[in-house]
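The values are calculated or read from the model by the stated rules, or taken from the named source; none is laboratory data. Since we're looking at a predicted model, the values are computed, not measured. For neighbour counting, all protein chains shown are included, and Cβ atoms are generated from backbone atoms with ideal geometry for every residue, glycine included.
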Amino acid sequence: MAGAVLITAMAVVLLLFWYFTTSTYSDGEPRPIPHRVPILGHAMSFARDRRTLVAQSIVQSKNEPFTLLIAGTKHYVFNKSAEFTEVFKNSKTLDSVGFLRLVMRNLFGINATDAEAFVAGSVKPILHDVNSMYLLRNENNAVTAVAYFDEVRQAVERFDKTLAQSDTKRITKDVLLIIAHFQSEPTTNAYFGKLVLDVDPKILDALNVVNKYGFWSLLFGVPRFLAPKPYRARDRIVHALRILVDAINARDGVASPYIESRVRQLLAHGLCRDTVAKDVLSVFSGVHSNSMPTAYCTLVELMEHSELIPVFRSELQEAGYMVTLPEDQVSIFPDKVPRMRSFLHEVLRTHNNGTAFREVLKDTTLLAAGRTWQLKKGAVVDLPNSLLCATETIHPEPNKFVANRFLDKSLGGWGENFTKTVKPFGGGVSFCPGRVFAEKQILAFLAALIEHYDLEVVTTPYKTPRNSDVDEVLWSPAIEIEIRKRT
């Protein structure tokens, strides 16, 4: 009898808990997608494969905005270009500050007070000004780009010596190692100076550990004792960057003008060196954790479409790439290689799985695509780039990889405009300031490889990762490429 009473009481408690914690929906909110697990809702599916989840949900919602319940929070998901634009316009009530606060505190380990200053306080305008000055002004951005082009040139020279010393005059390397040598290490030297790799030659490996084993663990605050490996790797990176910060504080010419200015302004603002080192970590992670997987998918896609290599070589020859000094290559990338540029943006369209998040700070009425939507305070707006890029009305034949999709019609392309329809770098007030360099970075990496070497995939079978998420790329089966010097 007592057992039956206990079971009944527990059932009542659970039913009451479910009742009071179950989200309710009012007229005008995007339609909720049914879920089976109370409170958690679609959280596990979202973490496991959000591209598939949102694609299935858009079918259920008949191509209208919809709501996913994720860990007790409503996530309004929009997929039309006009809706993206309206969300970006409503920056006063739809803000990314909540997500950014989580990133700064959990992913990069900045204390709560300083994190608040970064995302919504006195540090925010400092970062806005330094980013605008050095990343978006062409003359300043070109300084870092030229340094990177020269570092790529040196990487080619070092690899040529290694090739010459090999018995077969050919070397087989994992794609990740190719990117490390020809893109990641040159980028590190160009942005952060040679000191960082001198202090810790394995710092890029440590970042891979963070991204592979701990990105989500750190982001959602899993305790250190449950995920020691990524915490140790992050500590290692911060230690090296703390040495960099001390060096910048002591003398000039240690790193790029951008990093030196950023560090000095933050120190002058009164932030401690540990916090500044963690801010540099945020830049270090941003520079590598986005460009590395994009370069990976770009290179592997090129190997799958190897018929394009002669086309790109011809374009580079016409642009004078092989006879142009690094300081003049800013005129080549991206403007003089429109076919390579179109190919890169098709890779971004096909593989980018980025999602922009906005917290609903107060009840908001959103007018978009001929509809009115009511967004409730405390919910989150999701803008999945993969949905936008897979929309037939925006990109004809969206499931087909079309290398010249974004090439001007006068050059034989489809003439689509990637600046209006592909949003791998976000938009609005959170438009990624590193986007200008990122395009030059990957195009120059690709150019160096195909102009100096013959490439052949030796892994069979192989497949380009579906998404250019850094953790997915790092967990993908290894793909090896044989490299030979072009004659």
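Screening F84 on (1) farther than 30 Å from A227 by Cβ; (2) touching a Lys or Arg at 6+ places or on another chain (Cβ under 9 Å); (3) modelled with pLDDT of 90 or more; (4) in a helix (DSSP H, G or I) shows it passes everything except condition (3). Screening P65, P34, P38, P30 for residues that are crowded, with 20+ Cβ neighbours inside 10 Å and touching a helix residue (DSSP H, G or I) at 6+ places or on another chain (Cβ under 9 Å) leaves exactly one candidate, P65. Restricting Y25, Y76 to residues that are part of a loop (DSSP other than H, G, I, E, B) and either at negative phi or modelled with pLDDT of 85 or more (or both) narrows the list to Y25.
Only one entry of L197, L219 meets the criterion of being of a type outside the set (D, E, K, R), within 21 Å of P293 (Cβ to Cβ) and either in contact with a Pro (Cβ under 6 Å, 6 or more places away or on another chain) or touching a residue at least 40 places away in the same chain (Cβ under 8 Å) (or both), and that entry is L219.
Hey, any hits in the stretch 417-425 for a residue that's touching a Ser or Thr at 6+ places or on another chain (Cβ under 9 Å) and at pLDDT 80 or above? Yes, the stretch 417-425 has at least one match. Against the list (1) at pLDDT 85 or above; (2) over 27 Å from E472 (Cβ atoms); (3) part of a loop (DSSP other than H, G, I, E, B), the condition H35 fails is (2). Specify the residue that is surrounded by the fewest Cβ atoms within 10 Å (Cβ to Cβ); the eligible residues are those in the stretch 319-341 that are of a type outside the set (A, V, I, L, M, F, W, C) and either in a loop (DSSP other than H, G, I, E, B) or touching a His at 6+ places or on another chain (Cβ under 6 Å) (or both). Residue satisfying both the conditions and the ranking: D335.
Going through (1) touching a residue at least 60 places away in the same chain (Cβ under 8 Å); (2) surrounded by fewer than 19 Cβ atoms within 10 Å (Cβ to Cβ) one by one, S291 falls short only on (2).
Let's see how each residue does on (1) within 25 Å of L443 (Cβ to Cβ); (2) among the hydrophobic types (A, V, I, L, M, F, W, C); (3) not in a helix (DSSP H, G or I):
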{"position": "L218", "(1), (2), (3)": "no, yes, no"}
{"position": "L244", "(1), (2), (3)": "no, yes, no"}
{"position": "A247", "(1), (2), (3)": "no, yes, no"}
{"position": "S261", "(1), (2), (3)": "no, no, no"}
{"position": "Q265", "(1), (2), (3)": "no, no, no"}
{"position": "G270", "(1), (2), (3)": "no, no, yes"}
{"position": "S285", "(1), (2), (3)": "yes, no, no"}
{"position": "M292", "(1), (2), (3)": "yes, yes, no"}
{"position": "Q317", "(1), (2), (3)": "yes, no, no"}
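In the set L267, L308, L299, L316, only one residue is touching an Asp or Glu at 6+ places or on another chain (Cβ under 8 Å) and either over 28 Å from P477 (Cα atoms) or not acidic (D, E) (or both); that residue is L316. Applying the criterion of being farther than 17 Å from P30 by Cβ and within 24 Å of the chain's Cα centre (by Cα) to the residues of the stretch 362-390, the residue that is surrounded by the fewest Cβ atoms within 10 Å (Cβ to Cβ) is A390.
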